[in-house]
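Asks: After the structure tokens below, expect a handful of questions from me.
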Amino acid sequence: MDIPEFFSQMAVDLYTQDGTEKTVELITQYAKSAIGCDDAGLLLVHARSRVETAAATSSRVRVSHELQLTHDEGPCLDALEGGGTYVSDDVGIDERWPAWGPAVAELGIRSVVSVRLETSERRYGSLNLYSDHAKAFSDDDLAVAEIFARHASVAVASAQSEEGLRIAIDARKLIGQAQGILMERFDIDGDRAFDVLRRYSQHHNRKLREVAEWVVAYRRTPLTEFPADR
């Protein structure tokens, strides 16, 4: 494999994906090719430190991740919390994870590499590589995995940033539409229409976007027809 050409093509493919979901799925597929492992998975950290499997090349990868959350131990979580790269040459006898390791060995997994995904601004998750064989990952494999993780981190950051911007733009458009409906229906100006939306948002403990979406859908203020408070 021509490493520079591989990473060049990967970068182009990752940065042209539409959204985080497709980006992380492609990352795991490329990871298998780059490292030559049997499986790959990606954990992402969401708001309030909620962790979930964002992509996996097999069901046993998802089970492996769930077992780490269940036992509160494992290389993927250590990579998330401590940073750096964690390697196990044989999970079944690795003393660092006495509960998780034997459980994962029953899935046919023997070796694992977990690399933290992060940029200078924040952490995003961990890239996790799995092999059916003990001592499967060489020093060269680890070096490639860490380079790969840097590319993957930037791709995830870019995808999430674009999604966030798109959501914000869509919300502004929706709120603007709702303001226009209220302005026409009640002969009020834009500031007054926005105050109406904000008041309903606060009173019903709903996001402003949700209130605006309701107004656009039903062409009137929520009043008693608005869904029950949370």
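The values are calculated or read from the model by the stated rules, or taken from the named source; none is laboratory data. What you see is a predicted model, and the numbers here were worked out from it, not measured in a lab. With ideal geometry, Cβ positions are generated from the backbone for all residues, glycine too; neighbour counts draw on all protein chains shown. We work out accessible area using only protein heavy atoms, side chains counted, and drop any ligands, DNA or RNA first. Shrake-Rupley method; radii C 1.70, N 1.55, O 1.52, S 1.80 Å.
Asks: For segment 104-143, give me the residue count where each residue is buried (at least 21 other Cβ atoms within 10 Å of the Cβ), of a type in the set (A, V, I, L, M), out of contact with any Pro (no Cβ under 9 Å at 6 or more places or on another chain) and not in a loop (DSSP other than H, G, I, E, B).
Replies: 5
Asks: Can you name the residue in segment 64-79 that is free of Cβ contacts under 8 Å to residues at least 60 places away in the same chain and among the polar types (S, T, N, Q) and is also most open to solvent (accessible area, probe 1.4 Å) among such residues?
Replies: Here the residue is THR70.
Asks: Identify all residues within segment 31-67 that are part of a helix (DSSP H, G or I) and not small (Gly, Ala, Ser); write none if there are none.
Replies: LYS32, ILE35, ARG48, ARG60, VAL61, ARG62, VAL63, HIS65, GLU66, LEU67, listed by residue number.
Asks: Let me ask something else about it. VAL61 - would you say it is free of Cβ contacts under 8 Å to residues at least 24 places away in the same chain and under 21 Å from ALA145 (Cβ atoms)?
Replies: Taking the combined requirement at face value, the residue does not satisfy it.
Asks: Still on this structure, please answer the following. May I ask you to verify whether ARG96 is more than 20 Å from ARG60 (Cβ to Cβ), surrounded by fewer than 18 Cβ atoms within 10 Å (Cβ to Cβ) and touching a residue at least 60 places away in the same chain (Cβ under 8 Å)?
Replies: No, not satisfied.
Asks: Which of the numbered conditions does ASN205 fail, given that it passes all the others? Conditions: (1) modelled with pLDDT of 80 or more; (2) assigned to a helix (DSSP H, G or I); (3) exposed (fewer than 14 other Cβ atoms within 10 Å of the Cβ).
Replies: Here ASN205 meets the rest and fails (2).
Asks: From the list THR28, THR70, exactly one residue is in contact with a Gly (Cβ under 8 Å, 6 or more places away or on another chain), of a type in the set (Val, Ile, Thr), outside any loop (DSSP other than H, G, I, E, B) and modelled with pLDDT under 95. Which is it? Reasoning before the result, please.
Replies: Numbers: THR70 fails: in contact with a Gly (Cβ under 8 Å, 6 or more places away or on another chain).
So the residue among THR28, THR70 that is in contact with a Gly (Cβ under 8 Å, 6 or more places away or on another chain), of a type in the set (Val, Ile, Thr), outside any loop (DSSP other than H, G, I, E, B) and modelled with pLDDT under 95 is THR28.
Asks: Hey, could you check segment 31-51 for residues that are among the charged types (D, E, K, R) and under 21 Å from the mean Cα position of the chain (by Cα) and say which is modelled with the lowest pLDDT?
Replies: For segment 31-51, the residue satisfying everything is ARG48.
Asks: What is the number of the single condition among (1) within 27 Å of ALA155 (Cα to Cα); (2) acidic (Asp, Glu); (3) touching a helix residue (DSSP H, G or I) at 6+ places or on another chain (Cβ under 8 Å) that ASP94 does not meet?
Replies: (1)
Asks: Identify the single condition in (1) in a loop (DSSP other than H, G, I, E, B); (2) within 16 Å of VAL115 (Cβ to Cβ) that ASP78 does not satisfy, given that it satisfies every other one.
Replies: (1)
Asks: Further question on the same structure: Would you mind stating whether TYR86 is at pLDDT 95 or above, open to solvent by 50 Å² or more (accessible area, probe 1.4 Å) and either assigned to a strand (DSSP E or B) or among the acidic types (Asp, Glu) (or both)? Give the derivation first.
Replies: Details: at pLDDT 95 or above: yes; open to solvent by 50 Å² or more (accessible area, probe 1.4 Å): yes; either assigned to a strand (DSSP E or B) or among the acidic types (Asp, Glu) (or both): yes.
Yes.
Asks: Still on this structure, I have one more. Counting only residues that are in contact with a strand residue (DSSP E or B) (Cβ under 8 Å, 6 or more places away or on another chain) and open to solvent by less than 30 Å² (accessible area, probe 1.4 Å), which one in segment 5-30 is farthest from ALA155 (Cα to Cα)? Please lay out each step first, then the result.
Replies: Step one: filter segment 5-30 for residues in contact with a strand residue (DSSP E or B) (Cβ under 8 Å, 6 or more places away or on another chain), giving 20-21, 24-25, 27-29.
Within this subset, residues satisfying the condition of being open to solvent by less than 30 Å² (accessible area, probe 1.4 Å) are 20, 24, 27-28.
Details: THR20: 9, VAL24: 9, ILE27: 9, THR28: 12 Å.
Residue satisfying both the conditions and the ranking: THR28.
Asks: Could you identify the single residue in ALA228, ALA152, ALA217, ALA178 that is of a type in the set (A, V, I, L, M) and at pLDDT below 80?
Replies: Details: ALA152 fails: at pLDDT below 80; ALA217 fails: at pLDDT below 80; ALA178 fails: at pLDDT below 80.
The conditions single out ALA228.
Asks: Any chance you could count how many residues in segment 31-63 are of a type outside the set (S, T, N, Q) and open to solvent by 40 Å² or more (accessible area, probe 1.4 Å)?
Replies: 11
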